[in-house]
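The values are calculated or read from the model by the stated rules, or taken from the named source; none is laboratory data. Given the structure is predicted, the values throughout are model-derived calculations rather than measurements. Don't worry about glycine lacking a Cβ; one is built from the backbone with ideal geometry, like all the others, and counts go over all protein chains shown.
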Amino acid sequence: MSTSTASNKRTVTVIPGDGIGPECVRAAQRILEAAGAPIAWEECEAGATVFRKGIASGVPHETIESIRRTRVVLKGPLETPVGFGEKSANVTLRKLFETYGNIRPVRELPGVPTPYSGRGIDLVVVRENVEDLYAGIEHMQTPGVAQCLKLISAKGCEKIVRLAFELARAEGRKRVHCATKSNIMKLTEGMLKRTFERISPEYPDIEAQHIIIDNCAHQLVKRPEQFDVIVTTNMNGDIISDLTSALIGGLGFAPSANIGNDVAIFEAVHGSAPKYAGKNVINPTAVILSAVLMLRHLGEFEVAAKIEHALLVTLEEGKVRTGDVVGYDKGASTTAFTDAVIANLGRRSERCRVRDYKPLRLPQVAARPDFVRPQKRRVIGADIFVESPLSAEALGQSLERLAADSPLKLKMISNRGTKVYPPTGAITDCVDHWRCRFVLRDGAGEVTDAALFALLQRVAAEHRWMHVEKLQEFDGSLGFTMAQGED
Ligand code: NAP
């Protein structure tokens with residue numbers, strides 16, 4: 001870790017990162033220094049170099065300590081091992097510091113021609129950043145069936161929805177779309193939709209609209225100028241924000257902010273683009289704009305606007321353009337582009353507006369772990385997940401026999417979500433992973449742990465089980481969904 005400090009400056013942890021990271025981050029640092037931004041840097045490591053030292057998280061202790069102290073990070077991209085072994089150091093950083101909101105603005109930029117030029121794209125994707133499938137809880141449940149838990153919390157939904165509305169207010173935006181797949185995943189994606197519908201009346205000055213995520217992707221390509229702020233779950237947001245960056249010229253132009261109550265991490269949307277590493281050819285704009293977001297987060301609105309104007313003037317004049325815009329055989333170097341932005345500091349773009357920003361009011365959401373406390377709850381059954389080479393029919397008959405004198409009875413078996421027992425006539429290409437749903441035999445009362453353990457013991461005597469999920473009711477509402485074909 002190396003430190004550059006000075007009085008009256010705000011200390012920021014800077015992580016140069018992997019691949020093209022150091023080139024982009026250095027460009028942003030040079031511009032901030034030239035613009036007189038009151039920042040002192042504390043340089044730390046994370047990513048590939050750290051994995052190579054045998055630190056499995058990719059984030060060393062000194063980096064965590066620095067971030068704890070400074071609470072603000074400017075970060076280059078970090079390489080992620082694919083498909084096995086270590087977790088992503090990026091995701092680790094986001095989760096370690098609970099940066100629950102990922103803000104990804106894109107706007108049409110002058111001098112960057114795209115098929116959408118002239119349509120005035122200017123939108124922000126607000127992506128939930130720590131939950132969903134990215135909680136990273138995965139299991140091989142049978143040798144041939146993998147599972148990834150999609151975890152969505154009421155608290156997480158409330159925080160991200162409020163953040164989206166607060167951001168709209170801080171940036172003078174008029175409309176928030178909530179994009180979900182709630183038509184299919186009614187409890188998880190549906191929770192974001194329901195939270196959005198509950199909270200939106202508190203922001204009567206902002207138009208609120210729900211949109212199904214697949215239509216959102218379609219509309220983003222067809223008529224992107226209709227969007228202002230889009231709030232969505234983690235994976236949806238990951239995908240549509242790469243899409244939105246392509247609308248305005250590509251990943252080289254897409255900045256992001258990871259916002260939490262305590263820590264904020266600023267970085268480009270793009271990765272380490274290893275094929276360009278060390279060649280001094282990449283576009284540093286995304287990291288420069290990320291640093292602009294950082295300055296606004298620190299309340300440095302004036303110097304942020306100064307840098308944004310200098311960047312817009314540089315792009316607008318088009319004298320110095322990077323390879324992603326004009327082709328790498330004709331493009332200016334990263335350092336030449338950075339020099340041009342520095343030379344333009346103090347000039348204002350005539351054509352492009354820089355928004356008037358107000359400080360972002362971070363939503364205050366109760367921190368207690370049991371965020372939702374139901375008045376009444378009842379266990380009315382259990383799904384026992386079984387690995388078996390038997391047919392649905394044979395497994396069903398066996399389980400009915402095993403449960404014969406239990407207070408629970410077999411209601412149905414599904415295979416990858418489709419009911420297969422009792423038979424429905426559906427043609428299902430079954431695998432050896434069965435969800436066996438048991439419910440109270442007479443519907444009344446509650447399933448006790450003792451009854452469940454006794455049933456599980458009987459099932460386990462003849463079948464290999466790998467997971468049990470209680471079926472619960474909270475304040476009279478079912479806390480589970482039906483299988484396809486179940487009634
Ligand atoms: P990538 O690094 O974002 O690069 C994909 C492509 O985007 C590049 O080949 C290039 O396109 C273009 N590009 C990206 N940054 C650019 C820039 N600054 N200037 C000009 N063009 C740019 O995605 P990837 O190749 O899928 O990922 C590489 C590594 O980065 C992986 O290990 C991944 O896990 C990691 N990653 C890290 C982060 C992060 O740290 N937040 C984010 C995403 C990915 P052309 O090939 O068309 O020129």
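Worth pointing out:
- When we screen ALA277, ALA254, ALA286 for residues that are touching a Lys or Arg at 6+ places or on another chain (Cβ under 8 Å) and of a type outside the set (Val, Ile, Thr), the only hit is ALA254.
- Of all the residues in region 476-487, those that are part of a strand (DSSP E or B) and polar (S, T, N, Q) number 2.
- Residue match in region 42-58 (condition: closer than 29 Å to ALA305 by Cα, away from the ligand (no atom under 14 Å from the Cβ) and in a strand (DSSP E or B)): yes
- Residues of region 442-475 classified as out of contact with any helix residue (DSSP H, G or I) (no Cβ under 9 Å at 6 or more places or on another chain) and either in a strand (DSSP E or B) or at pLDDT below 95 (or both), total: 12
- The condition (being assigned to a helix (DSSP H, G or I) and either hydrophobic (A, V, I, L, M, F, W, C) or under 30 Å from ILE160 (Cα atoms) (or both)) is satisfied by just one residue among ALA257, ALA304: ALA304.
- Pairs meeting the criteria (first residue in region 268-279 and touching a residue at least 40 places away in the same chain (Cβ under 8 Å), second residue of a type in the set (Lys, Arg) and more than 6 Å from the ligand (Cβ to nearest atom), beta carbons under 9 Å, at least 6 apart or on different chains) are ALA268/LYS75; VAL269/ARG104.
- Filter result for LEU293 (more than 16 Å from the ligand (Cβ to nearest atom), modelled with pLDDT of 95 or more and not small (Gly, Ala, Ser)): no
- Region 382-437: number of residues that are part of a loop (DSSP other than H, G, I, E, B) and charged (D, E, K, R): 4
- Hey, ALA246 outside any strand (DSSP E or B), farther than 26 Å from GLU158 by Cα, more than 7 Å from the ligand (Cβ to nearest atom) and not polar (S, T, N, Q) or not: yes
- Every condition in (1) buried (at least 23 other Cβ atoms within 10 Å of the Cβ); (2) in contact with a Pro (Cβ under 8 Å, 6 or more places away or on another chain) holds for GLY299 except the one numbered (1).
- The residues listed here are PRO363, PRO407, PRO369, PRO374; of these, the one that is exposed (fewer than 11 other Cβ atoms within 10 Å of the Cβ) and more than 18 Å from THR481 (Cα to Cα) is PRO369.
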